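Have a look at the structure below, then the notes.
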Amino acid sequence: EAVASWQDELVSSQQKYTASLASSQNILPPPFIYQSTNYVVKMTSDLAFLVEKNDIFREWLGFDPKQNPLFIPADNLDVKSHINSRRERLTVHIKGKRETAAKER
(Lines give C-alpha, C1' and ligand atoms only; values in the text may rest on other atoms or scores of the structure.)
Protein backbone atom coordinates (compact mmCIF):
# COMPACT_ATOMS: atom_id res chain seq x y z
CA GLU A 1 0.00 0.00 0.00
CA ALA A 2 2.78 2.43 0.90
CA VAL A 3 4.56 1.83 -2.40
CA ALA A 4 1.35 2.25 -4.41
CA SER A 5 0.58 5.49 -2.60
CA TRP A 6 4.13 6.71 -3.21
CA GLN A 7 3.83 5.84 -6.92
CA ASP A 8 0.62 7.89 -7.14
CA GLU A 9 2.46 10.81 -5.52
CA LEU A 10 5.29 10.42 -8.02
CA VAL A 11 2.88 10.64 -10.96
CA SER A 12 1.34 13.77 -9.49
CA SER A 13 4.78 15.22 -8.77
CA GLN A 14 5.98 14.39 -12.27
CA GLN A 15 3.09 16.38 -13.68
CA LYS A 16 3.91 19.29 -11.34
CA TYR A 17 7.60 19.01 -12.20
CA THR A 18 6.87 19.12 -15.93
CA ALA A 19 4.70 22.17 -15.39
CA SER A 20 7.39 23.77 -13.20
CA LEU A 21 9.94 23.46 -15.99
CA ALA A 22 7.75 25.67 -18.11
CA SER A 23 7.33 28.20 -15.29
CA SER A 24 10.98 27.98 -13.97
CA GLN A 25 9.98 26.68 -10.52
CA ASN A 26 12.04 23.90 -9.01
CA ILE A 27 9.80 21.18 -7.57
CA LEU A 28 11.43 17.91 -6.49
CA PRO A 29 9.63 14.55 -6.42
CA PRO A 30 8.50 13.40 -2.96
CA PRO A 31 10.68 10.95 -1.02
CA PHE A 32 9.46 7.43 -0.30
CA ILE A 33 8.14 7.66 3.26
CA TYR A 34 7.68 4.37 5.10
CA GLN A 35 6.52 4.35 8.71
CA SER A 36 7.14 8.11 8.91
CA THR A 37 10.73 7.78 7.67
CA ASN A 38 12.38 8.71 4.38
CA TYR A 39 13.39 5.18 3.47
CA VAL A 40 16.14 6.07 1.00
CA VAL A 41 17.91 7.91 3.81
CA LYS A 42 17.23 5.05 6.24
CA MET A 43 18.73 2.54 3.80
CA THR A 44 22.19 3.87 4.62
CA SER A 45 21.87 2.70 8.22
CA ASP A 46 20.08 -0.50 7.18
CA LEU A 47 23.15 -1.46 5.15
CA ALA A 48 25.68 -0.59 7.84
CA PHE A 49 26.08 -4.27 8.81
CA LEU A 50 27.58 -4.92 5.37
CA VAL A 51 30.57 -2.69 5.95
CA GLU A 52 30.99 -2.30 9.72
CA LYS A 53 33.44 -5.16 10.14
CA ASN A 54 33.69 -6.35 6.57
CA ASP A 55 36.02 -4.50 4.21
CA ILE A 56 35.84 -7.42 1.78
CA PHE A 57 32.29 -6.51 0.76
CA ARG A 58 33.25 -2.88 0.16
CA GLU A 59 36.30 -3.97 -1.85
CA TRP A 60 34.24 -6.45 -3.84
CA LEU A 61 31.73 -3.74 -4.76
CA GLY A 62 34.38 -1.14 -5.46
CA PHE A 63 32.61 1.55 -3.47
CA ASP A 64 31.15 2.15 -0.02
CA PRO A 65 27.48 1.06 0.03
CA LYS A 66 26.91 3.13 3.15
CA GLN A 67 27.20 6.23 0.96
CA ASN A 68 25.45 4.55 -1.97
CA PRO A 69 22.43 2.58 -0.70
CA LEU A 70 21.11 1.81 -4.18
CA PHE A 71 24.41 0.03 -5.06
CA ILE A 72 24.88 2.06 -8.25
CA PRO A 73 28.54 1.91 -9.26
CA ALA A 74 30.32 5.09 -10.28
CA ASP A 75 30.57 5.70 -14.02
CA ASN A 76 34.34 5.42 -13.87
CA LEU A 77 34.34 2.09 -12.00
CA ASP A 78 35.60 -0.76 -14.15
CA VAL A 79 33.77 -3.55 -12.34
CA LYS A 80 35.35 -6.42 -14.26
CA SER A 81 38.95 -5.30 -13.69
CA HIS A 82 38.16 -4.46 -10.06
CA ILE A 83 36.80 -7.95 -9.42
CA ASN A 84 39.74 -9.59 -11.24
CA SER A 85 42.21 -7.51 -9.24
CA ARG A 86 40.48 -8.49 -5.99
CA ARG A 87 40.48 -12.15 -7.03
CA GLU A 88 44.23 -12.01 -7.71
CA ARG A 89 44.95 -10.42 -4.31
CA LEU A 90 42.83 -13.07 -2.55
CA THR A 91 44.59 -15.84 -4.46
CA VAL A 92 48.00 -14.53 -3.36
CA HIS A 93 46.73 -14.22 0.21
CA ILE A 94 45.36 -17.78 0.23
CA LYS A 95 48.57 -19.20 -1.26
CA GLY A 96 50.56 -17.41 1.45
CA LYS A 97 48.33 -18.90 4.16
CA ARG A 98 48.71 -22.39 2.68
CA GLU A 99 52.49 -22.05 2.50
CA THR A 100 52.64 -20.87 6.11
CA ALA A 101 50.43 -23.76 7.23
CA ALA A 102 52.60 -26.24 5.29
CA LYS A 103 55.77 -24.92 6.95
CA GLU A 104 54.20 -25.23 10.39
CA ARG A 105 53.47 -28.93 9.89
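The values are calculated or read from the model by the stated rules, or taken from the named source; none is laboratory data. Everything quoted here is computed from the prediction, not taken from an experiment. The accessibility values were calculated without ligands, DNA or RNA, using every heavy atom of the protein model including side chains. Shrake-Rupley method; radii C 1.70, N 1.55, O 1.52, S 1.80 Å.
Quick notes on this one:
- Sequentially through region 67-72, phi angles give Karplus couplings (6.51, -1.76, 1.60; θ = phi - 60°) of 9, 9, x, 8, 6, 9 Hz, Gly and Pro residues having no value and appearing as x.
- Taking each residue as 0.36 nm, the span from Asp46 to Ser81 lengthens on full extension beyond its C-alpha to C-alpha distance by 9.7 nm.
- For the pair Leu10 and Asn38, the difference between a 0.36 nm per residue extended length and the Cα-Cα distance amounts to 8.6 nm.
- Stretch gain in nm, segment Trp60-Val92, where the contour uses 0.36 nm per residue and the Cα spacing is subtracted: 9.9 nm
- Of Glu59, Glu88, Glu9, Glu104, the residue with the largest accessible area leads and the full order is Glu104, Glu88, Glu9, Glu59 (1.4 Å probe).
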